[in-house]
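Presented below is the structure to which this report refers.
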């Protein structure tokens, strides 16, 4: 039992990352088959809300604090940035690139969060300490890796079968992404914007966590608001109900899987790991999603893998771990100082 308790967070995060990887592959397939992005987001958030609402009600019915207008405003913008807008930009980038390439940009989220938090004084930077230097190096390496991902293609490391190339050319959706085309650059910009919005969401969530410490209830409300936001945007841009009809098994499975497994159980698993091992432990598993997606893309879907994507992804992952190591070192140093400050007055009292 002791060994299982030690490895349980690791197994949980691996399961969560596998879930996210499969979800991204399914979303890519559904969008390529012609499913509207806003409709996918709307239905996914509806399923997630229906899944999370009963859990929030029964788990926090006795501990849920009062919901004020200020908290509702924070939750509204959290839903807009973290769910509706982030998902739309991510799916837009996913359509014009590939699942492996899109997941590489997810690793940039901690970097953007750090850069946004610095001027707001939510993060500190001490260039005289090893932790501060590591955070700067990690940020610069990640940014260079993102530039390499966007601007450099390189040679193809894998080949696509002739049958799949013909199927891609005959598809009515976006043609196969080529890193040298404007669509690939546009997709990269959309992915960077998605990471930026997601980073803003982390900062808003930190405020919500302090003002409204009801994790499941606030999450259910976020799903509800994002459902309304995406639904309003979809109704404003799409005419008729034809786009709302799920025509294939892939679309049905994608909506259900993304809503229940991705948003619902995936969120619960990550929240549990943050509670047990902390945010740094959870964030360290982020690159695993990209590795799993790349394995599925290359071995099962036979997507082409380019040298530029590999080199850029490696730099982003290396930079991410530099940043996480610096942050972890900083947290440990602060904890040691706090312990010493608490012990010193007690020693002085004993001497007196």
Open item on the list: If I filter region 238-253 for residues that are under 16 Å from the mean Cα position of the chain (by Cα), at negative phi and free of Cβ contacts under 8 Å to residues at least 12 places away in the same chain, do I get at least one hit?
Closed with: no
TODO: Test residue 8 against the stated conditions and say whether it is under 29 Å from residue 287 (Cβ atoms), surrounded by fewer than 16 Cβ atoms within 10 Å (Cβ to Cβ) and in contact with a helix residue (DSSP H, G or I) (Cβ under 9 Å, 6 or more places away or on another chain).
DONE: yes
Open item on the list: Would you confirm whether or not region 53-73 contains a residue that is farther than 18 Å from residue 215 by Cα and either in a helix (DSSP H, G or I) or free of Cβ contacts under 8 Å to residues at least 40 places away in the same chain (or both)?
Closed with: no
Task: Unique residue being surrounded by fewer than 16 Cβ atoms within 10 Å (Cβ to Cβ), modelled with pLDDT under 85, under 30 Å from residue 210 (Cα atoms) and touching a helix residue (DSSP H, G or I) at 6+ places or on another chain (Cβ under 7 Å) when the list is 157, 106, 127, 120 - done: 127
TODO: Evaluate region 306-327: report whether one residue or more is surrounded by fewer than 21 Cβ atoms within 10 Å (Cβ to Cβ) and without any contact (Cβ under 8 Å) to a residue 24 or more places away in the chain.
DONE: no
Open item on the list: Of the residues 222, 207, only one is buried (at least 21 other Cβ atoms within 10 Å of the Cβ) and touching a residue at least 40 places away in the same chain (Cβ under 8 Å); which?
Closed with: 222
TODO: Could you pull out the residue among 75, 137 that is surrounded by fewer than 21 Cβ atoms within 10 Å (Cβ to Cβ), more than 18 Å from residue 254 (Cα to Cα) and either at pLDDT 90 or above or in contact with a helix residue (DSSP H, G or I) (Cβ under 6 Å, 6 or more places away or on another chain) (or both)?
DONE: 137
Task: Qualifying residue in region 27-35 (condition: modelled with pLDDT of 85 or more, assigned to a helix (DSSP H, G or I), within 15 Å of the chain's Cα centre (by Cα) and surrounded by 19 or more Cβ atoms within 10 Å (Cβ to Cβ)) - done: yes
Open item on the list: Checking residue 274 against (1) more than 15 Å from the chain's Cα centre (by Cα); (2) at pLDDT below 80; (3) assigned to a helix (DSSP H, G or I): exactly one of these is not met. Which one?
Closed with: (1)
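The values are calculated or read from the model by the stated rules, or taken from the named source; none is laboratory data. Bear in mind that the values here come from a model prediction, so they are computed numbers and not experimental data. Here the Cβ is made from the backbone with ideal geometry for all residues, glycine too, and neighbour counts use every protein chain on show.
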